[in-house]
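The values are calculated or read from the model by the stated rules, or taken from the named source; none is laboratory data. Worth saying up front: this structure is predicted, and the values here are computed from it rather than measured. Using ideal geometry, Cβ is built from the backbone for each residue, glycine included, and neighbour counts are taken over all protein chains shown.
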Amino acid sequence: MPAQLHSKISNSTFLLMGFPGFEKEYPWLSIPFSCVYAMILSGNCLVLHVIRMEPSLHQPMFYFLAMLALTDLCMGLSTVHTVLGTLWGLSQEIGLEACIAQTFFIHGLSAMESGVLLAMAFDRFTAICNPLRYTSILTNTRIISIGAVILGRSFLLILAPIIRLKFFHYCRPHILSHSFCLHQDLLRLACSDIRFNSFYALALVICELLLDSVLILISYILILHSVLTIASREERIKSLQTCVSHISAVLVFYVPIIGLTMVHRFGKHLSPVVHVLMGNIYILFPPLMNPIIYSVKTQQIRSRILRWFTKQN
């Protein structure tokens, strides 16, 4: 990074790296990124609109899907201004408060998506393993309670380390390695005691993402065991088909996280572009793919969307 560029950054301002080495290609890179964000916003809004307008979709499975779409929509909105602002050449600088706020929303929404995927796994487990009590277990009141717990767990638990970021002394060059702010990026620039944030972040990953993934795996082991006891082959296939969309969404969320973790831990020798690319996949891939997955794989959503567009024409 040229010294004159760094000299323009004040103590309360950070520089977003963007895509190092591809600065001349930013106008071209902005085209696919703009398309991705347009698809994220339109796709998730469409899913929310269809669920809201179609009374037959007012049931637990689609309430959880609406939570997922809303989470993905907010994730897109939380990063669109800095990513496209960098690529369009509007600004590569971000203030400390704005950076901390973006960090809060990115990590909070990631935890919320994990929690919603766990709730959706519980929904599929209940529907397949205990179908006669499905409506009595997943009542509207209980769904609201589950949503409130997920929301509280996702955003309240990260407040302590996020607030501490405000009081750190950042003496290293204020250059972030992405087009958005992440907790680990800010810790890398701090010269204060960051042990609490480091250990707390690790504990949150274990207690939220890791625990959620283990519980999702256990739920599918129980689902598979229950499905195998069904005598009819057609019924077994039909039961498993109701899980395809959710399994796809789980893979779309957790595979990029695993890939990003591997790159950060074992890819120190890799080009910075690889780290930036994995970071953008982690942020953008789930919000982009989830509406496509549920529109293609879920017959109720697909038929309502087709019928809606047919009426419009």
Exercise. For the stretch 172-189, what are the residues that are surrounded by fewer than 17 Cβ atoms within 10 Å (Cβ to Cβ) and under 20 Å from the mean Cα position of the chain (by Cα)?
Worked result: Gln184
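Answer yes or no as to whether Gly147 is on the phi < 0 side of the Ramachandran plot, without any contact (Cβ under 8 Å) to a residue 24 or more places away in the chain and either part of a loop (DSSP other than H, G, I, E, B) or not aromatic (Phe, Trp, Tyr) (or both). Give the steps one after another, and end with the answer.
Working: on the phi < 0 side of the Ramachandran plot: yes; without any contact (Cβ under 8 Å) to a residue 24 or more places away in the chain: no; either part of a loop (DSSP other than H, G, I, E, B) or not aromatic (Phe, Trp, Tyr) (or both): yes.
Here the answer is no, as Gly147 does not meet what is asked.
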For this session: Mind listing whichever residues of the stretch 190-229 are of a type in the set (S, T, N, Q) and either surrounded by fewer than 17 Cβ atoms within 10 Å (Cβ to Cβ) or without any contact (Cβ under 8 Å) to a residue 24 or more places away in the chain (or both)?
Result: Ser192, Ser198, Ser226, Thr229
Seminar exercise, completed: Restricting attention to the stretch 281-298, the residues that are surrounded by fewer than 19 Cβ atoms within 10 Å (Cβ to Cβ) and either at pLDDT 80 or above or hydroxyl-bearing (Ser, Thr, Tyr) (or both) number exactly 5
Problem set entry | Which listed residue is at pLDDT 90 or above, within 30 Å of Leu87 (Cβ to Cβ) and surrounded by fewer than 18 Cβ atoms within 10 Å (Cβ to Cβ), from Ser248, Ser154 | Ser248
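Results for (1) crowded, with 19+ Cβ neighbours inside 10 Å; (2) modelled with pLDDT under 85; (3) of a type in the set (D, E, K, R), shown as yes or no for each residue.
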{"position": "Ala231", "(1), (2), (3)": "no, yes, no"}
{"position": "Ser239", "(1), (2), (3)": "yes, yes, no"}
{"position": "Phe253", "(1), (2), (3)": "yes, no, no"}
{"position": "His269", "(1), (2), (3)": "no, yes, no"}
{"position": "Leu277", "(1), (2), (3)": "no, no, no"}
Problem set entry | Test: residue in the stretch 192-199 that is modelled with pLDDT of 85 or more, under 14 Å from Ala111 (Cα atoms) and touching a helix residue (DSSP H, G or I) at 6+ places or on another chain (Cβ under 6 Å) | no
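Among the residues of the stretch 120-133, how many are of a type outside the set (A, V, I, L, M) and within 18 Å of Gly147 (Cβ to Cβ)?
Residues of the stretch 120-133 of a type outside the set (A, V, I, L, M): 122-126, 129-131, 133.
Remaining after also requiring within 18 Å of Gly147 (Cβ to Cβ): 122-126.
Residues in the stretch 120-133 being of a type outside the set (A, V, I, L, M) and within 18 Å of Gly147 (Cβ to Cβ): 5 in total.
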For this session: Could you check Thr261 against (1) closer than 28 Å to Gly152 by Cα; (2) free of Cβ contacts under 8 Å to residues at least 60 places away in the same chain; (3) crowded, with 16+ Cβ neighbours inside 10 Å and say which number it fails?
Result: (3)
Seminar exercise, completed: For the stretch 292-307, pairs from a residue that is closer than 12 Å to Met61 by Cβ to a residue that is of a type outside the set (A, V, I, L, M) and part of a helix (DSSP H, G or I), with Cβ under 6 Å and 6 or more apart or across chains, are Tyr294/Ser245; Thr298/Ser245; Ile301/Tyr294; Ile301/Ser295
For this session: Write out, first by first residue and then by second, each pair whose Cβ atoms fall under 6 Å of each other, whose residues are 6+ apart or on separate chains, and whose first residue, in the stretch 122-133, is touching a residue at least 12 places away in the same chain (Cβ under 8 Å) and among the polar types (S, T, N, Q) while the second is buried (at least 19 other Cβ atoms within 10 Å of the Cβ) and assigned to a helix (DSSP H, G or I).
Result: none
Exercise. Looking at Leu240, Leu270, Leu251, Leu277, which is the one that is more than 15 Å from the chain's Cα centre (by Cα), among the aliphatic types (A, V, I, L, M) and closer than 21 Å to Ala119 by Cβ?
Worked result: Leu240
Problem set entry | Among residues of the stretch 299-308, those that are farther than 19 Å from Ala249 by Cα and exposed (fewer than 14 other Cβ atoms within 10 Å of the Cβ), counted | 3
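Can Arg265 be described as within 20 Å of Leu46 (Cα to Cα) and of a type in the set (Lys, Arg)?
Working: within 20 Å of Leu46 (Cα to Cα): no; of a type in the set (Lys, Arg): yes.
Here the answer is no, as Arg265 does not meet what is asked.
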